[in-house]
1. Mind giving me the FRET efficiency for K162 and T34? R0 is 45 Å, r the Cβ-Cβ distance, nearest 0.05 is fine.
2. In which sequence would D145, D172 go, from the one with the fewest C-beta neighbours within 10 Å to the one with the most?
3. Which is farthest toward the positive dipole end of the chain among Q184, I160, T41, measuring Cα position about the Cα centre, with Cβ charges +1 (Lys, Arg) and -1 (Asp, Glu)?
4. Between S52 and Q180, what's the calculated FRET efficiency when r is the beta-carbon distance and R0 is 30 Å? Round to 0.05.
5. Please say if the stretch 66-185 is rounded, prolate or oblate, where rounded means a/c under 1.5 for a ≥ b ≥ c the square roots of the C-alpha gyration tensor eigenvalues, and otherwise the choice is prolate for a/b larger than b/c and oblate otherwise?
6. Please arrange M142, M13 by counting, for each residue, the other beta carbons lying within 10 Å of its beta carbon, fewest first.
7. Which of the three applies to the stretch 1-122, rounded, prolate or oblate, going by the alpha-carbon gyration tensor with a ≥ b ≥ c and a/c under 1.5 meaning rounded?
8. Run lengths n ≥ 4 of DSSP H only: what is the helix-derived mean residue ellipticity at 222 nm for the chain, with -39500 (n - 2.57) per run over all residues, to the nearest 500?
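Bear in mind that the values in this text are calculations on the coordinates, not laboratory data. What you see is a predicted model, and the numbers here were worked out from it, not measured in a lab. All Cβ positions, even for glycine, are placed from backbone atoms using ideal geometry, and neighbour counts span all protein chains on display.
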Amino acid sequence: MINEIKKDSTMRMQKTIKSLKSDFLKIRTGRAHTSLLDHITVDYYGSLVPLSQVGNVNAEDSRTLSINIWEKDMVSVVEKAIMNSDLGLNPATAGTVLRIPMPPLTAQRREELVKVVKAEAEQSKVAIRNIRRDANSHLKEMLKDKDVSEDEERDAEVEIQKITNDNIQQIDAILQIKQQELIQI
């Protein structure tokens, strides 16, 4: 039973880290990468579909994304979806190809983005600590129900704390990398 609690906690903590990584991908660093547009959905004949299902998204160079749209009718819909997104991008249309230049980030915007990633990382750390709290409360219940001894419960709490510390270190490392990306000109 203790192993199940540790396994569940580890799995939930890893999901938290994975979620943080995907959130960080959406925060642009001034460089063009295709994952920047992953969260954009397009109205495709009445149903919302990801942008990648209406065209090929490619990085032409470090500052330009291109989308080769498969249906000519969808060009204006995709263009509108990109402009309405929270990314602040303005695509240029050339037939069925949209080119999206990445505007350079100002120093002030870089500082704002650093604050945003720090806040996201802190939220992830809080989520990790909440998972630890849940695991420890399960252990306390098991001790109260006399399913485990005090020694087993204490050892399990120490192991869960070690898992928590490892995951928080991973978050700090990911944050450090993202901050370097944002600060880099």
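1. Result of the calculation: an efficiency of 0.75.
2. On the way: D145 8, D172 12.
So the ranking, lowest neighbour count to highest, is D145, D172.
3. Q184
4. On the way: r = 28 Å, r/R0 = 0.93.
It comes out at approximately 0.60.
5. Details: a/c = 4.55, a/b = 2.45, b/c = 1.85.
Prolate, since a/c reaches 1.5 and a/b exceeds b/c.
6. Numbers: M142 18, M13 25.
Fewest to most other Cβ atoms nearby, the residues stand as M142, M13.
7. The shape class here is oblate.
8. Per the formula, -20500 deg cm²/dmol.
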